[in-house]
Each structure stands twice: as C-alpha cells, then as structure tokens.
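The values are calculated or read from the model by the stated rules, or taken from the named source; none is laboratory data. Note that the structure is predicted; figures quoted are calculated from it, not measured. In this analysis, Cβ positions are derived from the backbone assuming ideal geometry, glycine residues included, and neighbour counts consider all displayed protein chains. Note: accessible area is taken over every heavy atom of the protein model, side chains too, but ligands, DNA and RNA are not part of it. Shrake-Rupley method; radii C 1.70, N 1.55, O 1.52, S 1.80 Å.
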Amino acid sequence: MALITDIKNIYKVLANDERPEQSRSSYWDEEIKNVSISPDGEIIGDSVLGTIAPKSPLRSLFHKSMQIPFLAMAKNFKNLRDLRQKGQHIADKQNRILTLDIVRQVLSLESVVSANLDFSNDGLVNVVIGDGCGIMGSLLMQCMPHRKTVMVNLRKSLLVDLLSIKKTFPDTALSLPQNSQELSQAINDGEINVIGVMADDADLLGSIPIGLVINIVSMQEMPMSVINNYFDIIRKNPSPETYFYCCNRLYKKLYGGEEICFHDYPWLKDDKILFESKAAWNQWYYSKTPPFWHYRFGKDRIIWHRLARMAKKS
C-alpha cells in the first residue's frame, strides 16, 4: 500500500471508514454518531468536534472584548503577543473569528514555551493527541517549523484536523501512514510537514523520536486503557527526553459510567514536573448572558495542567 499524501484520498479513507474504533470511549460513541464531515472541512451535525464562528465586525468585537480577562491571566508570558498573532493567522485563514477555543490553545502553548526548554532539535517530532480543528497543530507548525507535527485522533476528528491545517497552510504536505513502513517513509520525507495517525494506529508512534506531546481536554474523554497506552508510547519512544503537556479535567464520568481521574493517569515519581496548577483560562468561559464571564464551580470541574519531562522506560 502506498503512503497516502493527497488530501482527497485522505478524505476518502477517513470519511468513509465506519469500522468500530477501539480507542473510542462511550463519550465519543455518543458525541459523533450522527456527525459527518464535508470535503471542505465543514462539520455537519451537532458535536463537540468543534464549531467555527463566522466572521462579522460586531461578533469579532464582542469576542475581542470578552477575551481581555483571559489575556490578563497570561500577562507575564513573554511570547504572548507573537503567539496571539499566530492564532489570528489561523482564524483568518479558516475564515473564522478568533474565538476562546483558539485563545486557550495559544495560552497553553505559551505556558509551554515560557518554560524555557530547548526545542531546537529538528530530529525530534511534536505530537498532538486529540486536537480540535487542527489549532494546536497549526500553532506548532508556526512556532517550530523545523519539526514535523504528528496529529493523532479518532478518524472523524483527525479528518477535521487535517482539513483545517490544509486550509490554514494550503502548501503544506500531509500524509496518512497506516503501518510502520509508511510512517518511517513519512518521517524521512523532507517534503512532508504533517503526519496524521489514526488513534487505533497510535502504537506506530513508539518507533519515532518524540520531543513534545500535547493533549488538551481530550484525554479526559478516553478509556483508561487508551490513556495507559499513550503514556507507554511517551515513555518508550527512542527520544532520550520527551516532554508532555497535559491539560484535562481532574475528574470526569463518561456516558458509560467510566470515571477518569487526572491523578490516576500512570504518572511516575521519576517524572520531572516543570509546573502544574489549575489552568485558569480553562476554568472560565464567557457568553452573552450576564454576568457574561462564568466560572466552572465544583471540584469535579477543575481543569488541571501539567508540563513534565517524562521518565523513560526501555
């Protein structure tokens, strides 16, 4: 089987494959059962796969005004202005407003960048697990163009990610490897910038050197067996150092009754935690309803973020 690199063929594979996904939790079984994706990336149906707010001057002004307190939460971040401009570039290319979901991803990446780690090694790859509309992947492509970006997601979500990235960067070269040989080919092809990996094929990632992994509010929606497998990949991949930024609810009960707890993830005492705290910009949201800014009250609704250098296993 040849490596799939044409976006039309990627669409055919991801949009038409209706086989059950082993990596899908009861939460996602419910959320995407009536959702389809158009060839231009439009999400058809009501789902948490993502929403795109169309542009209008009044709507843009509303969002910009409501985001002021969120930007104030990161006033000490040295690269905030630059990263926000990158977020605006994504919104403009996707013909959407710079909404709170983009701002949150900008602030999360800025918290990682502000940790003053060395991301210069172009022999390592960045991995985004469970992105939304390709936002984090697009930010990483702008911040670290010397590294390949690997997008891992369920099929329909992955299709949205890749179509969105293609819309943001029309000239970027995508690939969809389906076995280890094709993944190796994609990694070694200097023309390929973005690699899509279906969640059920995540084990393939154990063979490539991963420098940074990012997951934002989607690990909380996975079965523990899948979470354990991602941690295993992070620990066993051939890079001597792998950093993991994890931002998820401390507790979430899924539709099927599974209880997913942040501190029950397979962290090790030898993981070096660079920072962790409540993710302030994820605890608040805004709406048109007074008092406009709303806090997610309740200990079960706390969203926690942690950046760690992960202890390695052979």
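Rounded to whole Å and sorted largest first, list the principal axis extents of the Cα atoms in the chain.
Projected onto the principal axes, the Cα atoms of the chain cover 55, 46, 42 Å.
Among the GluC sites (Glu not before Pro) within the stretch 142-228, which fall in a DSSP loop and have no more than 10 other Cβ atoms within 10 Å of their own Cβ?
Answer by residue number: Glu191.
If you place +1 on the Cβ of every Lys and Arg, -1 on the Cβ of every Asp and Glu, and leave all else neutral, what size is the dipole of the stretch 125-224 about its Cα centre, to the nearest 20 Debye? Each step should come with its number before you reach the end.
Working: 6 positive and 10 negative charges, 49 e Å.
Its charge dipole is roughly 240 debye.
Would you pull out the residues with amide H under 5 Å of Val150's amide H, same chain only if 5 or more places away, H placed 1.01 Å from N?
So Val150 has HN proximity to Asn126, Val127, Val128, Ile195.
Before I look further, what does the chain give for accessible area per residue, probe 1.4 Å, in whole square angstrom? Mind showing how you got there, number by number?
Working: 14420 Å² over 314 residues.
Counting only protein heavy atoms, the per-residue value for the chain is 46 Å².
Run the Debye formula on the Cα coordinates of the stretch 243-314, all scatterers equal and no solvent, and tell me log10 I(q)/I(0) at q = 0.12, 0.15, 0.17 1/Å.
Calculated log10 I(q)/I(0) at the listed q: -0.43, -0.62, -0.75.
Could you run the Karplus curve 6.51 cos²θ - 1.76 cosθ + 1.60 with θ = phi - 60° over the stretch 245-258 and give me ³J(HN,Hα) per residue in whole Hz, x for Gly and Pro?
9, 10, 10, 8, 4, 5, 8, 8, 9, 7, 4, x, x, 5
Taking +1 at the Cβ of each Lys and Arg and -1 at the Cβ of each Asp and Glu, which of Asn237, Asn215, Met198 sits farthest along the dipole of the stretch 194-246 towards its positive end, judged by Cα position relative to the Cα centre?
Final value for the positive-end residue is Asn237.
With respect to the cross-link table entries Lys78/Lys269; Lys156/Lys252; Lys93/Lys156; Lys156/Lys312; Lys8/Lys253, which display a Cα-Cα separation exceeding 27 Å?
Values: Lys78/Lys269 31 Å; Lys156/Lys252 23 Å; Lys93/Lys156 21 Å; Lys156/Lys312 32 Å; Lys8/Lys253 37 Å.
From the list (Lys78/Lys269; Lys156/Lys252; Lys93/Lys156; Lys156/Lys312; Lys8/Lys253), the Cα-Cα distance tops 27 Å for Lys78/Lys269; Lys156/Lys312; Lys8/Lys253.
Which one, Gln88, Phe77, Pro54, projects farthest toward the positive side of the charge dipole computed for the stretch 53-123 from Cβ point charges (K/R +1, D/E -1)?
Of the candidates, Pro54 comes out farthest on the positive side.
Quick one: give the max-minus-min coordinate of the C-alpha atoms of the stretch 120-214 along each principal axis, largest first, in Å.
30, 28, 22
Using 0.36 nm per residue, how much length does the chain from Asp118 to Lys93 gain when fully extended, once their Cα-Cα distance is taken away?
On the way: separation 25, 0.36 × 25 = 9.00 nm, distance 2.93 nm.
My answer for the length gained is 6.1 nm.
Round to a whole number: what % of the accessible area of the chain belongs to carbon and sulfur, probe 1.4 Å?
Working: 7400 of 14420 Å².
Taking all protein chains in place, the chain shows 51 percent carbon and sulfur surface.
Test of understanding: given the chain, find the longest segment containing no chymotrypsin sites (Phe, Trp or Tyr not before Pro) that are in a DSSP loop and have at most 14 other Cβ atoms within 10 Å. Show your work: numbers first, answer last.
Numbers: sites that count: Tyr255, Phe292, Phe297.
The segment 1-254 is the longest one with no such site.
Could you sort the peptides 101-107, 234-240 by per-residue average Cβ neighbour count (10 Å cutoff), highest mean leading?
Top of the packing list down: 101-107, 234-240.
Residue by residue through the stretch 56-61, which ³J(HN,Hα) values in whole Hz follow from phi under the Karplus form 6.51 cos²θ - 1.76 cosθ + 1.60 (θ = phi - 60°), with glycine and proline marked x?
6, x, 5, 5, 4, 5
Taking H as built 1.01 Å from N, whose amide H comes closer than 5 Å to the amide H of Leu274, not counting residues under 5 places away?
The answer is Leu307, Ala308, Arg309.
Got a sec to turn the phi values of the stretch 282-288 into Karplus ³J(HN,Hα) couplings, 6.51 cos²θ - 1.76 cosθ + 1.60 with θ = phi - 60°, whole Hz, x for Gly and Pro?
9, 7, 10, 8, 10, 8, 7
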